[in-house]
Amino acid sequence: MAFPKPEKTYSYADYLTWDESERWEIIGGIPYMQAAPSTKHQEVLMEISRQISNYLSGKSCKVYPAPFCVRLDLDENDNNVKNVVEPDITIACDKSKIDDKGHKGAPDMIVEILSPSSGRNDKVLKFNKYEQAGVKEYWIVEPNEKIVSVFILQTNGKYGRPDMFVETDKIKISIFDNFEIDLKLVFSE
């Protein structure tokens, strides 16, 4: 199947027919193929997921590392959904939004780990979609620079100015009362 065709937009119904050996996202009806992640990307993903998973043990919220399908749009008919993403890390606290296919609607928190091919989508396209959908907290992790940008959804429905962190910092996750991610462990070589 050739992607994308400029005269056509795609939906979750199309996504379900695509080869499962390839990773795709649909943003605003446009499909984007995802490259295989680097070793450094996976190490960062695993360490952040490990710290969150350890904290959430025995709690109602769950952490889901990629690949995990998030259907951002709320539509009675899943087939009409035009925004289907696979964030690097998804945190979900509302069990009613989880099904066998993944997550429906805005998760509580999303972490995207930048790759050379994903920067534009993560910083612009997904940023805007996550904000519109109402994702409460959005992190953009830059492994090469060892920087994390944290965006918190404000009462006006927009992300405020980001808080910026480096490898010597600890980051408090705003959706939890007393939990921090230790970036020394995340960015250790």
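The values are calculated or read from the model by the stated rules, or taken from the named source; none is laboratory data. This one's a predicted model, so the numbers in the text were calculated from it and none came from an experiment. No Cβ is skipped: glycine too gets one built from the backbone with ideal geometry, and neighbour counts run over all protein chains shown.
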*Please tell me if Y130 is buried (at least 22 other Cβ atoms within 10 Å of the Cβ), at negative phi and either in a helix (DSSP H, G or I) or at pLDDT below 95 (or both).*
yes
*Considering the range 93-127 alone, what residues qualify as being in a strand (DSSP E or B) and within 18 Å of Q34 (Cβ to Cβ)?*
G102, H103, I110, V111, E112, I113
*Residue count, the range 40-90 (criterion: part of a strand (DSSP E or B) and over 18 Å from N121 (Cα atoms))*: 4
_Qualifying residue in the range 146-161 (condition: under 24 Å from R50 (Cα atoms) and in a helix (DSSP H, G or I))_ = no
*Residue list for the range 22-74, filter: of a type in the set (A, V, I, L, M, F, W, C), surrounded by fewer than 17 Cβ atoms within 10 Å (Cβ to Cβ) and at pLDDT 95 or above*: M46, L56
*Count - residues of the range 162-179 that are closer than 27 Å to G105 by Cβ and not in a loop (DSSP other than H, G, I, E, B)*: 3
*If the Cβ limit is 9 Å and pairs must be 6+ apart or interchain, which residue in the range 37-51 that is closer than 17 Å to I173 by Cα pairs with which residue that is among the small types (G, A, S)?*
L45/A66; E47/S188
